[in-house]
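**Q** Before I ask anything, here is the structure I am working with.
The values are calculated or read from the model by the stated rules, or taken from the named source; none is laboratory data. None of the values given here were measured: they were computed from a predicted structure. All Cβ positions, even for glycine, are placed from backbone atoms using ideal geometry, and neighbour counts span all protein chains on display.
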Amino acid sequence: MRKLLFFLIGIVLLGTAACSESKETNQIEDRVESLLSRMTLEEKIGQMNQLNGRNPDEKLMSRIRNGEVGSLLNIEQPELINEIQRIALEESRLGIPLLIARDVIHGYKTIFPIPLGQAASFNPSIVGTGARVAAREATQDGIRWTFAPMMDISRDPRWGRIAESFGEDTYLTTKLSSAMIRGFQGNDLKNPSSMAACAKHFIGYGAVEGGKDYNSTYIPPRQLRNVYLPPFKAAVEEGVATIMTSFNSNDGIPPSGDPWLLTGILRDEWKFDGVVVSDWASVKEMIAHGFAENGKEAALKAVNAGLDMEMVSECYFTNIKDLINEGKVSEKTIDDAVRNILRLKLRLGLFDNPYISEEDPRVAYSKEHLDAAKMAAEESMVLLKNEDQTLPISSVVKTICVVGPLADAPHDQMGTWVFDGEKEKTITPLKALRQLYGDKVNIIYEPTLKYSRDKDRSKFSKTLAAARKSDVVIAFVGEESILSGEAHSLADLNLRGAQLELISALSEAGTPLVTVVMAGRPLTIGTEVELSKSVIYAWHPGTMGGPAIADILFGKTVPSGKLPVTFPKMVGQIPVFYNHNSTGRPARGTEVLIDDIPLEARQSSLGNTSYYLDAGFDPLFHFGYGLSYTSFEYSDLNLSNSSFHPSDTLRVSVQLSNTGDFQGTEIVQLYTADKSASVVRPVKELKGFQRVLVQPGETKDVVFHLPMSELSFWNDGDVVEAGEFSIMVGGNSQEGLFSDFSIIN
Ligand code: BGC
């Protein structure tokens, strides 16, 4: 009886919530229509215009008064934003508030690890918390719209923006970017600490040819649907407020002028009712692409494609009125775009609550935020090698020698896309080691190289003398933050400057060498890994990277990160990613490599499979790889059945035992492979992951529920095909327990 009562109360509450939600939606739509009916064409075009607010002058203010601006990016001082907002509200004819936007990518003041680092945590909750922290800090300064998450699938580490991505995998990217959206937007956009998120870059920008930024992409429809679009579709389902078009042209069409993408897929198929914004001048850049003759044609193509707001290049502002007068653009098209923009402003509560409180106690760098950033940094780090259990540093160690250009580089460890984080607040590894462990060990510091590109070897001998006197050497190498990020592509992924020479020299000093790499992308560090006893990949770990690393080095924290992207041995292997399509002649692992080829070998004697004579088939490190201080064993993989209907859910269980001496978290990964289908499918695909904490000696039952709908793919429509599948559960993309099942119709 009580159960029934609770059930009925639940139904009533749900019904009331749904009812008040739809009432609010109706109110918003009514307000949109009422405003729209009072707007002149010029005012409508003004709403579609986003301008750069950096160094605002009187001219900008007067344009705001005239209703010529809908949004500003790149301002962040609360007093200034309040003043500009006052002008929009009190001095423009209709008093429409401005949308204030900024790139808050992996933190605002408190900087979290770069997104690629966060992805190594395989932890949506860490990513969501990072976004929540950023939203709390940024909204206090008046920023209500961020241009994140970047959900471009990135399979090319030459591309500098891989740092901003969640890596190479669609499933992982979808889960993490959805979590980031929830973090930024909170439960209700109206809440003053919520920010509108922006799913970017629509579409395919991560696939630029040769990894060179702004280059063209050629993604065929199936790959687009199966690999690149799913995170965006999930973002729309998650209620993402905005979407940004990308710089690349895909198969000859720049997305900013692509009606199939912006109207066909986004509006008609996915029913997106938020704002589509261009990337910085990407409308005007359609001229440089050779896709439009001039700004007028660029505006025509973009607006008719369904792009609502143009970022900074003002082709809309200059040309839309003429295009309407000439009958090339309909007023309905403009009304629809303006509706989307006004709807967002209303959803954000900007009309009712336009000003930020300048008095509220600031939350930036609060202890809670710093603790969250530290936890994110800890979970982002990947232990790549740990020979002789060199890590954690044992209690018999008396002296450690800290070396390298990234040991005390507060600016660089924050990574790319940091406009507001202050390096003075960053805690570097050197500082953290001294603060947290300085009373336990003697710390010698020899930077040796001033920055990652430094080639000056003059300090080597002094460093080697210090290394010889120490019990452990910890070398912090990698790349400065400026070497990754937008427009910062590289053709060579080796460590720069004299860093490899430094690692080589240190490896000969006779003292165990631990190498910590801080970088914005996978680097080709095969030699450095060979020369070191232990290697930690720390990415650019942000404000609290130092304490996170120090606690990992000393074993207070056990590393748990796994690679969200494949690490190539050499650049020539790129693109190299785990979920490539099956080929007709897969490598067998027994291929002859270059040094073993007999003289005058016969043309077909080497095996004729898909591999490189010099690099072989395997990368340096596989997707999903990462070690712990403890060890894990998998056993007893069990499937709830051996055949399933497309609407069924498969239950998979596996036993995970901690067979080592530390408590540790294992990221258990579930992969499936479709053995034969109507089109060639990837060799395997990630379909589930869980972080599982296990005590030494403990065994846990890990259970996944895999709906068969997850195995659908696009082949002129979404299909779940009958046939044979294999499933693998394990600690990385290559090793695990296998089983088979089938789908029947
Ligand atoms: C980037 C976007 C960014 C925009 C605004 C562009 O150059 O591609 O990702 O949001 O600038 O700063």
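**Q** I'd like the residue in region 349-380 that is part of a helix (DSSP H, G or I) and of a type in the set (A, V, I, L, M) and, out of all such residues, is farthest from residue 557 (Cα to Cα). Lay out the reasoning, then the answer.
**A** So in region 349-380, the residues part of a helix (DSSP H, G or I) come out as 367-380.
Next cut, of a type in the set (A, V, I, L, M) only: 370, 372-373, 375-377.
Numbers: 370: 16, 372: 14, 373: 14, 375: 10, 376: 12, 377: 11 Å.
The residue in question is 370.
**Q** So, one more: May I ask you to list the residues in region 117-143 that are part of a loop (DSSP other than H, G, I, E, B) and either under 19 Å from the mean Cα position of the chain (by Cα) or under 16 Å from residue 379 (Cβ atoms) (or both)? Even if it seems obvious, please write down each step before you answer.
**A** Our first condition is that a residue be part of a loop (DSSP other than H, G, I, E, B); within region 117-143, this holds for 120-123, 141-143.
Result: 120, 121, 122, 123.
**Q** Regarding region 291-310, can at least one residue be identified that is assigned by TED's automatic domain parsing to the domain that holds residue 242, under 21 Å from residue 29 (Cα atoms), within 16 Å of the ligand (Cβ to nearest atom) and acidic (Asp, Glu)? First the steps, then the outcome.
**A** Filtering region 291-310 down to residues assigned by TED's automatic domain parsing to the domain that holds residue 242 leaves 291-310.
Adding the requirement that they be under 21 Å from residue 29 (Cα atoms) leaves 306-309.
Filter once more, keeping what is within 16 Å of the ligand (Cβ to nearest atom): 307-309.
With the extra rule that they be acidic (Asp, Glu), the set shrinks to 308.
Within region 291-310, one or more residues are assigned by TED's automatic domain parsing to the domain that holds residue 242, under 21 Å from residue 29 (Cα atoms), within 16 Å of the ligand (Cβ to nearest atom) and acidic (Asp, Glu).
**Q** Here's another thing I want to ask about it. Among (1) surrounded by 13 or more Cβ atoms within 10 Å (Cβ to Cβ); (2) within 28 Å of residue 660 (Cα to Cα); (3) of a type in the set (D, E, K, R), there is one condition residue 591 misses while meeting the rest; what is its number?
**A** For residue 591, the failing item is (2).
**Q** Name the single residue that is farthest from residue 378 (Cα to Cα) among those in region 489-525 being surrounded by 20 or more Cβ atoms within 10 Å (Cβ to Cβ) and of a type in the set (D, E, K, R).
**A** Selected residue: 496.
**Q** If a residue has to be of a type in the set (D, E, K, R) and closer than 17 Å to residue 157 by Cα to count, how many in region 196-254 make the cut?
**A** 3
**Q** Identify the single condition in (1) away from the ligand (no atom under 13 Å from the Cβ); (2) under 30 Å from residue 343 (Cβ atoms) that residue 219 does not satisfy, given that it satisfies every other one.
**A** Status for residue 219: all satisfied but (2).
**Q** Further question on the same structure: Quick check on residue 481: is it at negative phi and surrounded by fewer than 19 Cβ atoms within 10 Å (Cβ to Cβ)? Reasoning before the result, please.
**A** Details: at negative phi: yes; surrounded by fewer than 19 Cβ atoms within 10 Å (Cβ to Cβ): no.
When the stated conditions are applied, residue 481 does not pass them.
**Q** Sticking with this structure for a sec: Out of all the residues in region 70-91, is one or more part of a loop (DSSP other than H, G, I, E, B) and more than 31 Å from the chain's Cα centre (by Cα)? Break it down into steps so the answer makes sense when it comes.
**A** First, the residues of region 70-91 that are part of a loop (DSSP other than H, G, I, E, B): 70, 74-77.
Those left that are additionally more than 31 Å from the chain's Cα centre (by Cα): none.
Scanning region 70-91, I find no residue that is part of a loop (DSSP other than H, G, I, E, B) and more than 31 Å from the chain's Cα centre (by Cα), so the answer is no.
**Q** Filter region 110-141 for residues that are in contact with a His (Cβ under 7 Å, 6 or more places away or on another chain) and within 16 Å of the ligand (Cβ to nearest atom) and give the result.
**A** The answer is 114, 115.
**Q** Does residue 188 count as at pLDDT 95 or above, under 18 Å from residue 578 (Cα atoms) and of a type in the set (D, E, K, R)? Before the answer, list the steps.
**A** Values: at pLDDT 95 or above: yes; under 18 Å from residue 578 (Cα atoms): no; of a type in the set (D, E, K, R): yes.
No; evaluated as a whole, the condition is false for this residue.
**Q** Which of the residues that make up region 216-256 are polar (S, T, N, Q) and under 15 Å from residue 174 (Cβ atoms)?
**A** In the first step, residues of region 216-256 are kept if they are polar (S, T, N, Q); the result is 216-217, 223, 226, 242, 245-246, 248-250, 256.
Result: 226, single match.
**Q** Would you point out the residue of region 58-69, among those that are of a type in the set (A, V, I, L, M, F, W, C) and either touching a Ser or Thr at 6+ places or on another chain (Cβ under 7 Å) or part of a loop (DSSP other than H, G, I, E, B) (or both), that is farthest from the ligand (Cβ to nearest atom)?
**A** The extreme case among them is 64.
**Q** Could you please give the count of residues in region 673-702 that are over 15 Å from residue 170 (Cα atoms), surrounded by 16 or more Cβ atoms within 10 Å (Cβ to Cβ) and acidic (Asp, Glu)?
**A** Of the residues in that region, 1 qualify.
**Q** Name every residue in region 166-175 that is over 9 Å from the mean Cα position of the chain (by Cα) and in a loop (DSSP other than H, G, I, E, B), in order of residue number. Walk me through how you get there before you give the answer.
**A** Filtering region 166-175 for residues over 9 Å from the mean Cα position of the chain (by Cα) gives 168-172, 174-175.
Those that are over 9 Å from the mean Cα position of the chain (by Cα) and in a loop (DSSP other than H, G, I, E, B): 168, 169.
**Q** Does residue 189 satisfy the condition of being over 25 Å from residue 562 (Cβ atoms), touching a residue at least 40 places away in the same chain (Cβ under 8 Å) and more than 15 Å from the ligand (Cβ to nearest atom)?
**A** On the way: over 25 Å from residue 562 (Cβ atoms): yes; touching a residue at least 40 places away in the same chain (Cβ under 8 Å): yes; more than 15 Å from the ligand (Cβ to nearest atom): yes.
Criteria met by residue 189.
**Q** Taking the options 207, 163, 179, 196, name whichever one is over 22 Å from residue 225 (Cβ atoms), away from the ligand (no atom under 14 Å from the Cβ) and either hydrophobic (A, V, I, L, M, F, W, C) or under 13 Å from the mean Cα position of the chain (by Cα) (or both). Steps first, answer last, please.
**A** Numbers: 207 fails: over 22 Å from residue 225 (Cβ atoms); 163 fails: away from the ligand (no atom under 14 Å from the Cβ); 196 fails: away from the ligand (no atom under 14 Å from the Cβ).
After applying the criteria, what remains is 179.
**Q** Can you find a residue in region 568-588 that is touching a helix residue (DSSP H, G or I) at 6+ places or on another chain (Cβ under 6 Å) and modelled with pLDDT of 95 or more?
**A** Within region 568-588, the first condition is being touching a helix residue (DSSP H, G or I) at 6+ places or on another chain (Cβ under 6 Å), and the residues that meet it are 569.
Okay, now just the ones that are also modelled with pLDDT of 95 or more, so 569.
Yes.
**Q** If you don't mind, another one. If only one of 288, 235, 241 is within 16 Å of the ligand (Cβ to nearest atom), of a type in the set (A, V, I, L, M, F, W, C), in the same structural domain as residue 124 (by TED's automatic domain parsing) and free of Cβ contacts under 8 Å to residues at least 24 places away in the same chain, which one is it? Can you show your working first?
**A** Values: 235 fails: free of Cβ contacts under 8 Å to residues at least 24 places away in the same chain; 241 fails: free of Cβ contacts under 8 Å to residues at least 24 places away in the same chain.
On inspection, the qualifying residue turns out to be 288.
**Q** Tell me, which helices (runs of 4 or more DSSP H) wholly within region 270-345 include 3 or more residues that are buried (at least 24 other Cβ atoms within 10 Å of the Cβ)?
**A** Working: elements: 285-288, 295-305, 315-325.
Counting at least 3 such residues, we get 295-305, 315-325.
**Q** Among the numbered criteria (1) touching a Ser or Thr at 6+ places or on another chain (Cβ under 9 Å); (2) among the hydroxyl-bearing types (Ser, Thr, Tyr); (3) within 16 Å of the ligand (Cβ to nearest atom), which single criterion is violated by residue 146?
**A** Here residue 146 clears every test but (1).
**Q** Still on this structure: Any idea which of 321, 296 is in contact with a Ser or Thr (Cβ under 8 Å, 6 or more places away or on another chain) and modelled with pLDDT of 95 or more? Walk me through it before giving the result.
**A** Values: 321 fails: in contact with a Ser or Thr (Cβ under 8 Å, 6 or more places away or on another chain).
Going through 321, 296 in turn, just one is in contact with a Ser or Thr (Cβ under 8 Å, 6 or more places away or on another chain) and modelled with pLDDT of 95 or more: 296.
**Q** Report those strands (runs of 3 or more DSSP E) wholly inside region 671-745 carrying at least 3 residues which are β-branched (Val, Ile, Thr). Full working, then the answer.
**A** Numbers: elements: 685-694, 699-707, 723-730, 737-743.
Strands (runs of 3 or more DSSP E) meeting the threshold: 699-707.
**Q** Here's another thing I want to ask about it. Going residue by residue through region 97-109, is there one that turns out to be away from the ligand (no atom under 16 Å from the Cβ), under 24 Å from residue 428 (Cβ atoms) and either more than 12 Å from the chain's Cα centre (by Cα) or surrounded by fewer than 24 Cβ atoms within 10 Å (Cβ to Cβ) (or both)?
**A** The answer is yes, given that some residue of region 97-109 is away from the ligand (no atom under 16 Å from the Cβ), under 24 Å from residue 428 (Cβ atoms) and either more than 12 Å from the chain's Cα centre (by Cα) or surrounded by fewer than 24 Cβ atoms within 10 Å (Cβ to Cβ) (or both).
**Q** Might you check whether a residue that is under 21 Å from the mean Cα position of the chain (by Cα), closer than 28 Å to residue 732 by Cα, assigned to a helix (DSSP H, G or I) and in the same structural domain as residue 139 (by TED's automatic domain parsing) occurs anywhere in region 245-261?
**A** Looking for residues that are under 21 Å from the mean Cα position of the chain (by Cα), closer than 28 Å to residue 732 by Cα, assigned to a helix (DSSP H, G or I) and in the same structural domain as residue 139 (by TED's automatic domain parsing), one finds none in region 245-261, hence no.
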